[in-house]
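To start, the structure under review is shown below, and the notes come after it.
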Amino acid sequence: MKVGIDAISFYTSPYYLDLKELAKVRNVDYDKYAIGIGQEKMAVAAPNEDVVTLAAHAAERLRTQVDFSQIDFLIFATETGIDQSKAAGIYVHHLLGLSSHCRVLECKQACYSTTGALQLALSRLKEFPDSKILLVASDIARYPLESPAEPTQGCGAVAMILSTNPRVMSIDRESGYFTQDVMDFWRPNHMREALVDGHQSTKIYLTLLEKTWDQYSEASGRNFLDHDHYCFHLPFSRMADKAHVRLAKSCGVLEPSGGHIEKTKVYARDMGNAYTASLYISLLSLLNLTQKDLQGKRVGFYSYGSGSVAEFFSGVIEKGYRDASFAQEHETMLKKREAISYETYEMYRGFDPYNEEMTAPTDSYFQFVGIEKEKRLYRKEHN
Ligand code: HMG
């Protein structure tokens, strides 16, 4: 029985800061951003957006392809938690009008938690093949102003329906996984911005790539050239180049084809790190932007979450992927975005809903409207 992704969509803020603008303000050569880390724009969440509204928008798009009344489990992966107790997914469950007979959970382990949740959900589908699981991953990446990590910020959400007989991708059984207690990136409860040892984090990312690959490759019997494409977790798009070369080299392939990863990096370059959503946005980038038919192609996935847990797994693209991956809608969404000034970027990223009056720059369907008596409030704009 095949299990995997039956429909998939992503969403990002309608606002971005062009990194040319950031380079001017920071007095940095723009090529460091465009070439050195491979980033051109960073998506910036407006005051009336948060991980709930981003996730609800990503999921709402799936409604045209999926009967939402059948969803019996919603898993919300994030590292931009909005409450220590209540799962952000409950707000999404309400905004989408899902059935009350639906479990809701929130998952955390940096950027890895979506993959951990995916694997747990797929095991469940093997026992309950009629189940339909909505997995959403949503984050707003924030680092201190003027830090080396600042140009890698971004925000976005991905939403997937997981089911048996999936239309987009069936996930292979074998995987390799690895955990190591390390302080490469973390965000203490009292801080809005992540702390990171950037160079250490990229080293660990690459070390765990080899360790997870070895276990995956031994379990599956597949080698480097058995995969047509590779999706790597993308904290910045150049990371995929480093990972691709490193993996190829460790497998004895000296000149790997750039075609393995070229299309997977395009969306990330245009929006920045979306933490838990990034790996799956890179899959959408591949599916949406590749002209030739991808049915039957095998993709290798590397998921990395600082702290750290990593996993290597793979999947095969199914024949219905074009109908259930929303290429046109994603293109329109990205084209309609608006560039903001550096000053607006500082204002949006610093907005504090506890102490500042809410402004509502976006007229998006789902909106965060503020906090009253410590309760977060949301609305559907057109209902
Ligand atoms: P940095 O230290 O300022 O950059 O920040 P650098 O000096 O290392 O330069 C970066 C690259 O640009 C270098 O190339 C330079 O040579 C090149 P490389 O050596 O890598 O090949 N460069 C130029 N190229 C062209 N023209 C120029 C120029 N100048 C320099 N003029 C760093 C880089 C990644 C450290 C920083 O952005 C950072 O701290 N980022 C955040 C951490 C991160 O993204 N880590 C990635 C792995 S960990 C991960 O993926 C998990 C994460 O998503 C969190 C989670 O799991 O939740 C982050």
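The values are calculated or read from the model by the stated rules, or taken from the named source; none is laboratory data. Bear in mind the structure is a predicted one, so any value in this text is a computation, not a measurement. Cβ sites come from the backbone with ideal geometry, for glycine too, and all protein chains shown count toward neighbours.
Just for the range 290-319: of the residues that are within 16 Å of the ligand (Cβ to nearest atom) and of a type in the set (S, T, N, Q), which one is farthest from Lys265 (Cα to Cα)?
Taking the candidates together, the pick is Ser308.
Going by the structure shown, is Tyr304 surrounded by fewer than 17 Cβ atoms within 10 Å (Cβ to Cβ), hydroxyl-bearing (Ser, Thr, Tyr) and not in a helix (DSSP H, G or I)? When the stated conditions are applied, Tyr304 does not pass them. I'd like to check something: does the range 260-277 contain any residue that is modelled with pLDDT of 95 or more, surrounded by 22 or more Cβ atoms within 10 Å (Cβ to Cβ) and over 26 Å from Pro148 (Cβ atoms)? Yes, some residue in the range 260-277 is modelled with pLDDT of 95 or more, surrounded by 22 or more Cβ atoms within 10 Å (Cβ to Cβ) and over 26 Å from Pro148 (Cβ atoms).
Can you name the condition, by its number, that Ser285 falls short on among (1) assigned to a helix (DSSP H, G or I); (2) within 15 Å of the ligand (Cβ to nearest atom)? In the conditions (1) assigned to a helix (DSSP H, G or I); (2) within 15 Å of the ligand (Cβ to nearest atom), Ser285 misses (2) alone. From the list Ser278, Ser250, Ser257, Ser282, the lone residue that is touching a residue at least 60 places away in the same chain (Cβ under 8 Å) and among the polar types (S, T, N, Q) is Ser278. Selection of the range 24-68 for residues being at positive phi and polar (S, T, N, Q) yields only Asn27. Selection of the range 195-219 for residues being surrounded by fewer than 18 Cβ atoms within 10 Å (Cβ to Cβ), within 8 Å of the ligand (Cβ to nearest atom) and not in a helix (DSSP H, G or I) yields only Asp197. Being within 10 Å of the ligand (Cβ to nearest atom), among the β-branched types (Val, Ile, Thr) and either in contact with a Lys or Arg (Cβ under 8 Å, 6 or more places away or on another chain) or within 28 Å of Asp18 (Cβ to Cβ) (or both) is a property that holds for Thr276. I'd like the residue in the range 220-235 that is more than 12 Å from Val299 (Cα to Cα) and buried (at least 23 other Cβ atoms within 10 Å of the Cβ) and, out of all such residues, is farthest from the ligand (Cβ to nearest atom). Among them, the one singled out is Leu234.
Filter the range 144-177 for residues that are among the hydroxyl-bearing types (Ser, Thr, Tyr), in contact (Cβ under 8 Å) with a residue 60 or more places away in the chain and either in a loop (DSSP other than H, G, I, E, B) or within 16 Å of the ligand (Cβ to nearest atom) (or both) and give the result.
Taking the range 144-177 and keeping what is among the hydroxyl-bearing types (Ser, Thr, Tyr), we get 147, 152, 163-164, 170, 175, 177.
With the extra rule that they be in contact (Cβ under 8 Å) with a residue 60 or more places away in the chain, the set shrinks to 152, 163-164, 170, 175, 177.
Result: Thr152, Tyr177.
Scanning the range 118-145 for residues that are under 20 Å from Trp186 (Cβ atoms) and surrounded by fewer than 24 Cβ atoms within 10 Å (Cβ to Cβ) returns Arg142, Tyr143, Pro144, Leu145.
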